[in-house]
1. Let me spell out the model: positive unit charges on the Cβ of Lys and Arg, negative unit charges on the Cβ of Asp and Glu, origin at the Cα centre of the chain. What dipole size does that give, in debye rounded to 20?
2. Here are some values of Cα extents along the principal axes in Å: (i) 85, 39, 34; (ii) 56, 40, 31; (iii) 55, 44, 42. Which one was computed from this structure?
3. Have a look at 85, 164, 114 and tell me which one the Gaussian network model of the chain (Cα, springs below 10 Å) gives the largest fluctuation.
4. Full-extension gain between residue 83 and residue 98, please, as 0.36 nm times their residue separation minus the C-alpha to C-alpha distance.
5. Which of 168, 18, 183 ends up with the largest GNM mean-square fluctuation for the chain, with Cα atoms connected below 10 Å?
6. For the residues 243, 172, what sequence is obtained by ranking on other C-beta atoms within 10 Å, fewest first?
7. Put a dot 7 Å past each Cα toward the Cβ at residue 248 and residue 73; how far apart are the dots in nm?
8. With the chain treated as a Gaussian network of Cα nodes joined by springs under 10 Å, which of 235, 44, 61 yields the largest mean-square fluctuation?
Amino acid sequence: MSDTPKIRVRGLHKAFGDKQVLDGIDLDVPAGTSFVVIGGSGSGKSVLLRCILGLITPDAGSIEIDGVDVVGLGHSAREAVNARIGMLFQNGALFDSLPVWENVAFGLLARNRIGRRAAREKAADVLAQVGLDASVGAMSPAELSGGMQKRVGLARAIAASPEILFFDEPTTGLDPIMGAVIDGLIVDCVKRLGSTAIAITHDMASASRIGDAAAMLYRGKLVWQGPAASLLHSGNPMVEQFTHGSREGPISMELRR
């Protein structure tokens, strides 16, 4: 088995104007690992994810996937990389104008990997993997509950059996029971596909359920890395304050006046 991480980030910097959002990030995600990044709003979690996805170009640093630096790739090369990646967006990001089955198969259809009849059959199969009946495929996203929309978003993310999966705040807007259901489906899907996964979240219960390993971002820096099972008893003052929701500690909240 190769020692090369599936994803390796080195010296990653990104600023927007005077605000330094990422400040020298180093991160290794081994193949087959489910990695969780925690941190408060504005800590840089989403920007890190978008840099890895190629949606944002970092100011400095490298991002390697299977040992190949993907920063600055041309359009076609980047598209080839992204074809190996599945993404569950925070708010589902389903297309309201398309039925559910077409949302699920959107990537396969857009890349001409499959015909429409086969796409509908594939969508029914993937919907079943996330606990939804094939009849849901004919519905519009607006007819679905928040939990069902998350399931459809997960189905779309796994439809092409990607090597890498990204999850952006997968339990946001869900009640605790549905959040646990979604986390269980994520774990099952990642294991079944053998994918490498990165999730960003501020939900500690979700982080513990999803992750093998975890890291915490604070003001653009990784301040801790370790097993996800240690999140609630890491021994790191910043992690302890964040995971237990304590007002007192080294993390100061910046309040606008």
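1. Dipole of the chain, to the nearest 20 debye: 420 debye.
2. Identified label for the calculated read-out: (iii).
3. Comparing 85, 164, 114 in a Gaussian network model of the chain, the most mobile one is 114.
4. Gain in length upon complete extension: 3.3 nm.
5. Result for the chain, Cα springs under 10 Å: 18 fluctuates most.
6. Going from sparsest to densest Cβ surroundings: 172, 243.
7. Label-label distance for residue 73 and residue 248, simple model: 5.0 nm.
8. Among 235, 44, 61, the largest GNM mean-square fluctuation belongs to 235.
Just so you know, all these numbers are worked out from the coordinates, no wet-lab data involved. What you are looking at is a predicted structure, and each value in this text was computed from that prediction instead of being measured. Note: ideal-geometry Cβ built from the backbone for every residue, glycine included; neighbour counts use all protein chains shown.
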